[in-house]
Amino acid sequence: MLSLPMRAPRIIRVFIADDSAALREHVLELIQDIPGVNIVGFASEATQAVASIRQLKPDVVLLDIQLPHGSGLDVLRSIKQNGRGPLTIVATNFPYPQYRKRALDLGADYFLDKTTDIEELRGLITQLTGGLQPAGTN
């Protein structure tokens, strides 16, 4: 389980960029009922993601690596200029070491394998809001 330092409860604005409608829905089901989470937008391709993230200024971006019209790495490069930008969680079905290294080098805060780690997203987002999640739940 990923672990973050606990903070006082707060509202976090979350943006989801993934070309899979099924995954966007799954993530929405995982996190939408967490107190303090406000889903502010979705994108299914890279250029739309960059424009929306710049406009909406979310606190957290969940980002897929494989996106039409660019890649999640292109999006990451654009939104993390000068080391600033939203906290970014890269989630991919391609968790290759070279992707992990590149994403982290570009400023990703977390790198998740969709096939094995996506259920941990709920706990991570709960921690980001400063809330506590009962033991044994995801």
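The values are calculated or read from the model by the stated rules, or taken from the named source; none is laboratory data. What you are looking at is a predicted structure, and each value in this text was computed from that prediction instead of being measured. Cβ: placed from backbone, ideal geometry, glycine included. Neighbour counts: every protein chain shown.
Listed values, structure above:
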{"read-out": "Residue, nearest to residue 86 (Cα to Cα), within the stretch 28-75, restricted to residues that are of a type in the set (D, E, K, R) and under 14 Å from the mean Cα position of the chain (by Cα)", "value": "59"}
{"read-out": "Of the criteria (1) among the β-branched types (Val, Ile, Thr); (2) closer than 20 Å to residue 26 by Cβ; (3) surrounded by 18 or more Cβ atoms within 10 Å (Cβ to Cβ), which one residue 50 fails", "value": "(2)"}
{"read-out": "Condition met for residue 124 (buried (at least 19 other Cβ atoms within 10 Å of the Cβ), out of contact with any helix residue (DSSP H, G or I) (no Cβ under 6 Å at 6 or more places or on another chain), more than 12 Å from residue 63 (Cα to Cα) and modelled with pLDDT of 90 or more)", "value": "yes"}
{"read-out": "Filter result for the condition that a residue is modelled with pLDDT of 95 or more, of a type in the set (A, V, I, L, M, F, W, C) and touching a Pro at 6+ places or on another chain (Cβ under 9 Å), over 90, 61", "value": "61"}
{"read-out": "Close pairs (6 angstrom Cβ cut-off, 6 or more residues apart or separate chains): touching a residue at least 40 places away in the same chain (Cβ under 8 Å) in the stretch 105-117, surrounded by fewer than 19 Cβ atoms within 10 Å (Cβ to Cβ) anywhere", "value": "114/93"}
{"read-out": "Some residue of the stretch 108-121 being over 15 Å from the mean Cα position of the chain (by Cα) and surrounded by 16 or more Cβ atoms within 10 Å (Cβ to Cβ)", "value": "no"}
{"read-out": "Check on residue 89, surrounded by 14 or more Cβ atoms within 10 Å (Cβ to Cβ) and of a type in the set (Val, Ile, Thr)", "value": "yes"}
{"read-out": "Test: residue in the stretch 91-98 that is farther than 24 Å from residue 22 by Cβ and over 14 Å from the mean Cα position of the chain (by Cα)", "value": "yes"}
{"read-out": "Every pair of residues 6+ apart whose Cβ atoms lie under 8 Å, when the first sits in the stretch 52-74 and is closer than 21 Å to residue 22 by Cα while the second is assigned to a loop (DSSP other than H, G, I, E, B) and among the aromatic types (Phe, Trp, Tyr)", "value": "65/94; 66/94"}
